[in-house]
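> Please read through the structure below; I'll follow up with questions.
The values are calculated or read from the model by the stated rules, or taken from the named source; none is laboratory data. Since the structure is predicted, the reported quantities are computational estimates derived from the model, not experimental observations. A quick note on method: Cβ atoms are made from the backbone with ideal geometry, for glycine too, and the neighbour counts reach across all protein chains shown.
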Amino acid sequence: MPPLRSVTGRTRATLLLCLLAAGLAVLAACTPSHDQSTFDPAGPIAARQADLFIFIFWLAVAVFILVEGGLIYAVIKYRKRRDGEMPKQVHGNTRLEITWTIIPAFILLAIAIPTVKAIYENDAVPQDRGEPLEVIAIGHQWWFEFRYPGLEIVTANQLHIPTGRPVVVTLQSEDVIHSFWIPKLAGKLDMVPLNDNHFWFLADRPGMFYGQCAEFCGIAHAHMRFRVVAAPEEEFREWVTDMRTPVDAPEPDSPEAKGRTTFLANCSMCHTVDSYLANGYPTEIAAQDRRWNTWVESEGDSPIVSGPNLTHLSLRSTLAAGVQDLSEENLRTWLRNPGSIKPGTRMQVNAQVYATEDNRIGLTDEEVDNLIVYLMSLEPGEGGPTVSVPPPDAGGEPNAARGEALFAANGCSGCHSLGEDTIIGPGFKGVVSRAGTRVTGVSAEDYLSESIRSPSAFVVEGFSDGLMPILSTLSDADVADLIEYLKTIE
Amino acid sequence: MTEAVQAEHHEPVEDTSTGLNNRKLLMWAFLASDVMFFGAFIATYLVYRNKSLEGPYPNQVLDIPVTSVSTFVLLMSSLAMVLALDGIRRNKKAVGRFWILTTAALGSVFLGFQVYEFYEFAQMGLTPQKNLFGTTFFILTGLHGTHVTLGVMWLIFMALVVSPTPKERWGLVLAIAGFYAVMLSTLAGIFTGEESTLAIISTLVGYPAMLLLIFGILGMFGGAWILAQAGRGDESSHHALDLEIAGLYWHFVDIVWIVIFTVVYLISATDGTPPGSAPFVLPGAH
Amino acid sequence: MTTGTITIPRIVPRPTSETGIWSWIGTVDHKRIGTLYFFTSIFWFLTAGVEALLMRLQLSRPEAEMVSPEVFNQLFTMHGTVMVFLVVMPLSAAFFNWLIPLQIGARDVAFPRLNAFSYWLFLFGSVLLNVSWLVGDAPNGGWFGYAPNSENLYNPSNGMTFWVLSLGVLGIASIAAGLNFIITIINLRAPGMTMFKMPVFTWMTLITSVLIVLALPVLAVAGIQLQTDRLFGTTFYDPVAGGDPVLWQHMFWLFGHPEVYILILPAMGIVSEILPVFSRKPLFGYPFVIFAGIVIAFMGWFVWSHHMFTVGLGPAANSAFAVSTMAIAIPTGVKVFNWMGTAWGGSIRLTTPMLFALGFIAMFTVGGLSGVMHSSAPSDAQQQDTYFVVAHFHYVLFGGAILGIFGGIYMWWPKIFGWKLSEGWGKLNFWLMLIGFNLTFFPMHWIGMDGMPRRIYTYPADQGWNGANMAATIGGFVIAVSVLVWVINVYLSWRRRDPAGDDPWDGRTLEWSIPSPPPHYNFAKIPQVEHLDDFWFKKHPELIAEFEGHHGPRGAPEGAQFDDDDYYEDEVHAEDDETGSYAHGADDSHGGHGIHLPDMSYYPLVLAAGITLAMAGLFTEYWVVGIGGGLIAWGMLGWSFEPVND
């Protein structure tokens, strides 16, 4: 987009804005931010769409003046003057009629050509604006999931993009039809189950852009919004690094630690908080699929639903899918009674922790406070990006040290202590010797391997099924290494 | 209808703007509407062809020889319909009535085949809920079957209309009841596992079905014999228009079946597991 | 099917009452059926208006909590469904019924009992739809019912089942009515009335009926598919089993776009009748207007995907549908220009009907122009599913269809009821409606472009949408007041009931040649038609030469003398009074002039009740289906064996 054209577009937009708003100036006099105005494009797609609209708008204004003016003129001029006057009985005028068939046809041709041109231009990803950033955006009832397959990052409701570089988005929906719309960056495109859509957009300037679901998708349709944070390449890179950096472990017995325990017990089945881990990306994909399938198979009745990924929540600016600013106070309102912010939200309808008499959260005030402290503490720690796991040994011998790295990278310690305490899952002190005695005829190795592969295979009494994710990315060597590591915990 | 016949049988030239009978025109317009109805269903079938995520697939259940027979039966019913109208027009009432009943009977046999087919498919695990093929197949052919059923009822009604005397009525009731008794017992035999009609008769399960079959045959022929005697030369051409309208409907339903047979059976016969079967792609699965 | 030889016993004697409730229940008279259609759909118009006002109240302020999101979803679903299927379509049907036989010089429609059947089915279907409110399960998936949001998994309540089944009932009613009017117009025209001597409204009715007959089955198919999904577990629109939500959209809009023309063409016909009368000039370019209508109806089948520009059909499909949509603006423009040409050079009387007709042209033009903005797919990507679209189609359907229909109400009220509506109140009604309408819907263009999506029950306070929303709410109430003014007008005028006379507006078409209200048999003597606007030229034979002179080969040779005697059969001519009524002097009884009209019948009612019950039983109790089936059998058999006249 040449800057000149964009400027004229904006000037015209301002004119138009004045024209349309003239009658409403008084009423609209408060200080609105117009975050979703289509007259303030920040990228070539939206600019082209706005330019086209403004072009048609002025043509329409001309036709409007012609028709309405002609009509008013005719009514005034040919008003009945006296009784019984008999106008000339004209049946028509073929030449005139052909004229006013052909002239509109040319006007429409003048619209059709730039229209088709814009359709194809907006379809083609520009080749000269740098390497496109690939994003998968998935609509859920009622929030947006964003996946960066190249960067192995998963986040929700806040899309970070670099400025000046095309963003190629694959649009998908998990449940019903949604629509992906960032008015200042690009007109909408639907997210249709089974029908992947692809489009691209580009932010010419940094900023926080507002997006909203534009296809009616059920009870919380009005509250399905998101933000796009466009930042210069460097800032974007920083964000990427942050998203790969683990949270610092909370001090034992601190409110964060208590909040974390509460979170793991009540929230972690639907919300992932550690997608910075080595296998975080594929794990989260598998986890979302599992949550979704659980919900579908129960015909919408399961306590598990697809929940937004909460990794580094405190880096976001909103909660409840772009509905409110993220603050402790709003978070408290949201956690206690989500419906007061977003009626119909699945969290309140389905989650076990809301299965109380009044559908408020089934936690004490203190637990909620700790939970808030914990959630607000979800931010990149001091330790730098995730330590990568070394490749498996060439010889194929199980390697306990590598197993330890895998244990950390996959976030196993979130649920399993190395002592005897239960966090969510059993503590792992002496786990291998116990494992050998559980099922007759099944060795400890087989028992553990099966438990890692399919967590539902052997559920020990007193523990719940369905909490442990299926770590589908683990290779056989990885599993062997993990078991080798577990053997060292005695 | 020729001018001569009209004049002879007091059917007035239609007093309408076009000279066409209102009801006949209504039927044509209705059929145009019905074209859209079946068109939309057939389009749905085509859109969903090869899109089932699991079996049974068409090549596992479709039995082209059997359906070809039932298609032939339905096509023959159109021929019978033409003969029926001809008989009624030419005041050969008993002949016309015979062909009306034959049309209805052939239509019923077609429906019997459809019941058999649905039953067989269900046995093989194909139900309307099973997959997209089941969904589209059963609803499309089922609605066509509903059309045929209505047509059969209309034809029986027409047979009743051209048979005003008690004797004719008794003949009708006997013949129709007998025919359906035969059909019922045959279907019962087939559903108990036998393939050929001869084998059914010899090994028919249970006494009642056998009795049904025997009484059915007796009733059918007895009724036919009564009807052949009754009201042979009666004037019937004043019913010709009614029958012609019913016939329009009947031929249309036949034509729709030819399309369905071509699309759903012939060209789908070899459809198996969809090529490169891409089941429901979960979001993000790359 | 009738036969003299077979009778089945009557359970209830054939209705014969000429007054009282039974005279309405058993009626097969097109004028009475038109009146039934009219008042039923006015009732639903008021209902849908209340629904709209509730929505506007909720949206008047940001973050308002007047209605819950669940109720809001029900409100907009029902408002849309009711306005389309229970208001604009049946109001048009009321005019079809009132006017078509009168305009073509017929004594009734081709199938009077089928006509009654259509009405009863419409009534029961509309009740079935609205019963959902009473059981607290109103449909909540939008009037477009997009799958899979309308499937059981996402919509487990009975709401969408109510919706899909009542649309089925209403669809049958519409198709039956459409068939009836096609046959009536094709076959029951008075002698001499060739197709191109038919009034424009009759033409538009014919085109609309053809669209109904061809488009409604597609909706029926989509409905059956959704219904079997919901009730019997098939997988037409279940993505988990591979069902494609986009197919639903194709089906719905393949019906939905012709439906748009089903809604607007009758109003265009009404306006095309009003303008010539109050300009005292023939319609400018009659054949062009007719052909434009035909072309619109034809092209209306090739533009449906412009409702789906953001579905992701790809650039080729979007380009094709963008261009075809732009093309349809051409015949629409032709109509607008021809209407202006009609007023141009006329002798314009600004009566209430004329004001509404002019308002129609002015407002419809705005809607048409915003339609062109939508037709440009990239531009539409910003407008789709925003308030800009809401503004657009209300300009077309309210500023267009409703204003046109109100014009028709004022125009033909004296003909149907025999007394005029007050002009003073009528003009107040018009101006309030025009102002309220623009106050409601014009600001919506603005908030739509400012990014406010449709179908949201609330919005944040800081987006700059507050003022426009408040204005729209105020405008909504002004519209409500204007409708109230109309009701007051009807009441006050009814109290006075000043006889309107046969031809209060100096009309042009045959309906103005007979008494007001028309006698049961309409025309004592079927008129012999010679001209387009036959009655006008009968009143003004001196104008024929002037008019025909321009007419080329279709008209009489230039300078030919008009001989009254040749044009009207002697008997009527002899009894002509100065208004030239075809019916005056007729023997006001069935027997007069050997007129045979169909007797009354209750079987249409029985059959319609049976169909509705059978549908309703599908999702309640199966024995209800049994009762419905029984009524269907009784209705059909009784109907088949019942002679038209006993």
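> Could you say whether any residue in the stretch A:291-307 is touching a Gly at 6+ places or on another chain (Cβ under 8 Å), among the polar types (S, T, N, Q) and crowded, with 23+ Cβ neighbours inside 10 Å?
No - not one qualifying residue is present in the stretch A:291-307.
> Exactly one of (1) away from chain A (no Cβ under 14 Å); (2) assigned to a helix (DSSP H, G or I); (3) among the acidic types (Asp, Glu) is unmet by residue C:502. Its number?
The single condition residue C:502 does not satisfy is (2).
> Quick one: which residue in C:167, C:179, C:247 is assigned by TED's automatic domain parsing to the domain that holds residue C:95 and in contact with a Gly (Cβ under 9 Å, 6 or more places away or on another chain)?
Result of the check over C:167, C:179, C:247: C:167.
> Still on this model: Tell me yes or no: at least one residue of the stretch A:328-350 is under 20 Å from residue A:224 (Cα atoms), in contact with a His (Cβ under 8 Å, 6 or more places away or on another chain), hydrophobic (A, V, I, L, M, F, W, C) and away from chain C (no Cβ under 11 Å).
Looking for residues that are under 20 Å from residue A:224 (Cα atoms), in contact with a His (Cβ under 8 Å, 6 or more places away or on another chain), hydrophobic (A, V, I, L, M, F, W, C) and away from chain C (no Cβ under 11 Å), one finds none in the stretch A:328-350, hence no.
> Output the number of residues of the stretch A:66-92 satisfying the condition of being assigned to a loop (DSSP other than H, G, I, E, B), more than 7 Å from chain C (Cβ to nearest Cβ) and not acidic (Asp, Glu).
Selection size over the stretch A:66-92: 3.
> Show the residue pairs that are 6+ apart or on different chains and have beta-carbon atoms under 7 Å apart, the first residue being within the stretch C:166-178 and over 16 Å from residue C:91 (Cα atoms), the second being of a type in the set (Val, Ile, Thr) and in a helix (DSSP H, G or I).
Correct list of pairs: C:169/C:611; C:169/C:612; C:172/C:611.
> Pick out the one residue from A:486, A:471, A:467, A:482 that is of a type in the set (A, V, I, L, M), crowded, with 18+ Cβ neighbours inside 10 Å and at pLDDT below 75.
After ruling out the rest, the residue left standing is A:471.
> Also: Would you check if residue A:179 is touching a strand residue (DSSP E or B) at 6+ places or on another chain (Cβ under 6 Å), within 28 Å of residue C:376 (Cα to Cα), of a type in the set (Gly, Ala, Ser) and facing chain C (nearest Cβ under 7 Å)?
In short, yes.
> Where residues in the stretch C:195-244 are more than 14 Å from chain A (Cβ to nearest Cβ) and not in a helix (DSSP H, G or I), which of them is nearest to residue C:267 (Cα to Cα)?
Filtering first and then ranking leaves C:199.
> Take the conditions among the aromatic types (Phe, Trp, Tyr), under 19 Å from residue C:112 (Cβ atoms) and not assigned by TED's automatic domain parsing to the domain that holds residue C:142 and apply them to residue C:22. Does it pass?
Against the criterion (among the aromatic types (Phe, Trp, Tyr), under 19 Å from residue C:112 (Cβ atoms) and not assigned by TED's automatic domain parsing to the domain that holds residue C:142), residue C:22 qualifies.
> Looking at A:196, A:190, A:175, which one is surrounded by fewer than 24 Cβ atoms within 10 Å (Cβ to Cβ), touching a residue at least 12 places away in the same chain (Cβ under 8 Å) and not hydroxyl-bearing (Ser, Thr, Tyr)?
None of the others qualify; the one that does is A:196.
> Just a yes or no: is a residue in the stretch C:380-392 in contact with a Leu (Cβ under 8 Å, 6 or more places away or on another chain) and either at pLDDT below 95 or among the hydrophobic types (A, V, I, L, M, F, W, C) (or both)?
Yes, the stretch C:380-392 has at least one match.
> Take the conditions part of a helix (DSSP H, G or I), in contact (Cβ under 8 Å) with a residue 24 or more places away in the chain and at the interface with chain C (Cβ under 9 Å from one of its Cβ atoms) and apply them to residue A:63. Does it pass?
In short, yes.
> On to the next question. Within the stretch C:527-544, restricting attention to residues that are surrounded by fewer than 21 Cβ atoms within 10 Å (Cβ to Cβ) and in contact (Cβ under 8 Å) with a residue 40 or more places away in the chain, which residue is nearest to residue C:32 (Cα to Cα)?
It comes out as C:528.
Conditions tested, residue by residue: (1) touching a Ser or Thr at 6+ places or on another chain (Cβ under 7 Å); (2) at pLDDT 95 or above; (3) at positive phi.
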site: C:188; (1), (2), (3): yes, no, no
site: C:193; (1), (2), (3): no, no, no
site: C:197; (1), (2), (3): no, no, no
site: C:202; (1), (2), (3): no, yes, no
site: C:205; (1), (2), (3): no, yes, no
site: C:209; (1), (2), (3): no, yes, no
site: C:239; (1), (2), (3): no, no, no
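> With over 20 Å from residue C:72 (Cβ atoms), of a type in the set (A, V, I, L, M), touching a Pro at 6+ places or on another chain (Cβ under 8 Å) and more than 9 Å from chain A (Cβ to nearest Cβ) as the only criterion, which of C:416, C:435 stands out?
C:416
> A follow-up question, please. Return the only residue of A:145, A:85, A:131 being closer than 30 Å to residue A:222 by Cα and of a type in the set (D, E, K, R).
So the residue among A:145, A:85, A:131 that is closer than 30 Å to residue A:222 by Cα and of a type in the set (D, E, K, R) is A:145.
> On to the next question. Among C:528, C:561, which is the only one that is outside the structural domain of residue C:437 (by TED's automatic domain parsing), modelled with pLDDT of 90 or more and of a type outside the set (A, V, I, L, M, F, W, C)?
C:528
> Looking at residue A:369 and the list (1) of a type in the set (Asp, Glu); (2) exposed (fewer than 14 other Cβ atoms within 10 Å of the Cβ); (3) farther than 28 Å from residue A:224 by Cβ, which single condition is not satisfied?
The number of the failed condition is (2).
> Turning to a different aspect of this structure: Among helices (runs of 4 or more DSSP H) lying entirely in the stretch C:315-392, which contain 1 or more residues that are facing another protein chain (nearest Cβ under 9 Å) and more than 29 Å from residue C:450 (Cα to Cα)?
C:315-343, C:352-375
> Of all residues being of a type in the set (S, T, N, Q) and assigned to a loop (DSSP other than H, G, I, E, B) in the stretch C:140-194, which is farthest from residue C:41 (Cα to Cα)? Just the residue, please.
Taking the candidates together, the pick is C:194.
> Would you check which residues across the stretch C:453-469 are at the interface with chain A (Cβ under 7 Å from one of its Cβ atoms) and basic (Lys, Arg) and list them?
The one that is at the interface with chain A (Cβ under 7 Å from one of its Cβ atoms) and basic (Lys, Arg): C:455.
> Also: Before we move on, is residue A:428 at pLDDT 80 or above and within 24 Å of residue A:260 (Cα to Cα)?
So residue A:428 passes the test.
> I need a count of the residues in the stretch A:306-324 that are at pLDDT below 90 and away from every other protein chain (no Cβ under 11 Å).
Looking only at that region, the number is 3.
> Separate question: So, in the stretch A:199-234, exactly how many residues are surrounded by fewer than 21 Cβ atoms within 10 Å (Cβ to Cβ) and touching a Pro at 6+ places or on another chain (Cβ under 8 Å)?
Number satisfying all stated conditions: 5.
> Another question, then. Which condition breaks for residue A:162 when tested against (1) under 29 Å from residue C:153 (Cα atoms); (2) more than 8 Å from every other protein chain (Cβ to nearest Cβ); (3) not aliphatic (A, V, I, L, M)?
Tallying (1) under 29 Å from residue C:153 (Cα atoms); (2) more than 8 Å from every other protein chain (Cβ to nearest Cβ); (3) not aliphatic (A, V, I, L, M), residue A:162 fails exactly one: (1).
> A further question on this structure: Within the stretch C:424-449, which residues are in contact with a helix residue (DSSP H, G or I) (Cβ under 7 Å, 6 or more places away or on another chain) and either part of a loop (DSSP other than H, G, I, E, B) or among the small types (Gly, Ala, Ser) (or both)?
Within the stretch C:424-449, C:426, C:436, C:448 meet the criteria.
> May I ask you to list the residues in the stretch C:437-455 that are within 26 Å of residue C:483 (Cα to Cα) and of a type in the set (D, E, K, R)?
C:454, C:455
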